[in-house]
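Note sheet for the following structure.
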Amino acid sequence: MAFIEELKQFALKGNAVDMAVGILVGGAFTKIVNSIVSDLLMPPIGVLIGGVDFTQLKFVLKSVMKDGVETGPAIMYGKFVNNLIEFAIIVFAAFVVVKLMNKIIALRISDVRNAVDSIQSAADLKKAADKIDNLKKLVD
């Protein structure tokens, strides 16, 4: 019975819930990035390189004709390039989000420093303490 109680405590902790939400948002974000790459970016790139469907680019290792259609094992390098572009978009988006968060935190730190520097009364001290608490919540 102790195992089930531990499992409940773990599942109800903020970290587990935050992680679950992050996984769900990450999955949705992946769908958006896939759509951006396959539906918005790759068609114009395909037109620029001669009207080729980028996902169908491949290097056939052994050509086998079956019912008039060439089949056989192939290296699908077009899909690989799609995945590289998706990766680059995800890295760029993560970079932008982290950069924005760092900027927000830096602004908050500056605000706290100004509040601390201007302490002249108990009310000022209370305001500075509140700003510090808010900053802690943002960082944690």
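Looking at (1) at pLDDT 80 or above; (2) surrounded by 10 or more Cβ atoms within 10 Å (Cβ to Cβ); (3) not in a helix (DSSP H, G or I), can you tell me which one Lys62 breaks?
(2)
Search region 65-87 for residues being under 15 Å from Asn34 (Cβ atoms) and not aromatic (Phe, Trp, Tyr), and hand back the single one that is surrounded by the most Cβ atoms within 10 Å (Cβ to Cβ).
Taking region 65-87 first, the residues under 15 Å from Asn34 (Cβ atoms) are 78-87.
Then drop every residue that is not not aromatic (Phe, Trp, Tyr), which leaves 78-79, 81-86.
Values: Gly78: 18, Lys79: 15, Val81: 16, Asn82: 20, Asn83: 12, Leu84: 11, Ile85: 18, Glu86: 17.
That would be Asn82.
Looking at (1) part of a helix (DSSP H, G or I); (2) without any contact (Cβ under 8 Å) to a residue 60 or more places away in the chain, which is the only condition Ile90 fails?
Answer for Ile90: the failing condition is (2).
Name the single residue, out of those in region 25-47 being under 12 Å from the mean Cα position of the chain (by Cα) and of a type in the set (Val, Ile, Thr), that is nearest to Val81 (Cα to Cα). Walk me through how you get there before you give the answer.
Initially, region 25-47 is screened for residues under 12 Å from the mean Cα position of the chain (by Cα), giving 25-33.
Right, trim to of a type in the set (Val, Ile, Thr) and you get 25, 30, 32-33.
Values: Val25: 24, Thr30: 16, Ile32: 17, Val33: 14 Å.
Among them, the one singled out is Val33.
Restricting to region 113-140, give me the number of residues that are outside any helix (DSSP H, G or I) and either touching a strand residue (DSSP E or B) at 6+ places or on another chain (Cβ under 6 Å) or exposed (fewer than 12 other Cβ atoms within 10 Å of the Cβ) (or both). Walk me through how you get there before you give the answer.
So the first thing to find is which residues in region 113-140 are outside any helix (DSSP H, G or I), and the list is 118-121, 140.
In the following step, the residues that additionally are either touching a strand residue (DSSP E or B) at 6+ places or on another chain (Cβ under 6 Å) or exposed (fewer than 12 other Cβ atoms within 10 Å of the Cβ) (or both) were identified as 118, 120-121, 140.
So the answer is 4.
Right, Ile90: surrounded by 10 or more Cβ atoms within 10 Å (Cβ to Cβ), of a type in the set (A, V, I, L, M, F, W, C) and closer than 30 Å to Val33 by Cα or not? Can you show your working first?
Details: surrounded by 10 or more Cβ atoms within 10 Å (Cβ to Cβ): yes; of a type in the set (A, V, I, L, M, F, W, C): yes; closer than 30 Å to Val33 by Cα: yes.
For Ile90, the condition - surrounded by 10 or more Cβ atoms within 10 Å (Cβ to Cβ), of a type in the set (A, V, I, L, M, F, W, C) and closer than 30 Å to Val33 by Cα - is met.
The values are calculated or read from the model by the stated rules, or taken from the named source; none is laboratory data. Model, not experiment: these values are computed from the prediction. Neighbour counts are summed over all protein chains in view; Cβ atoms, including those assigned to glycine, are modelled from backbone coordinates with ideal geometry.
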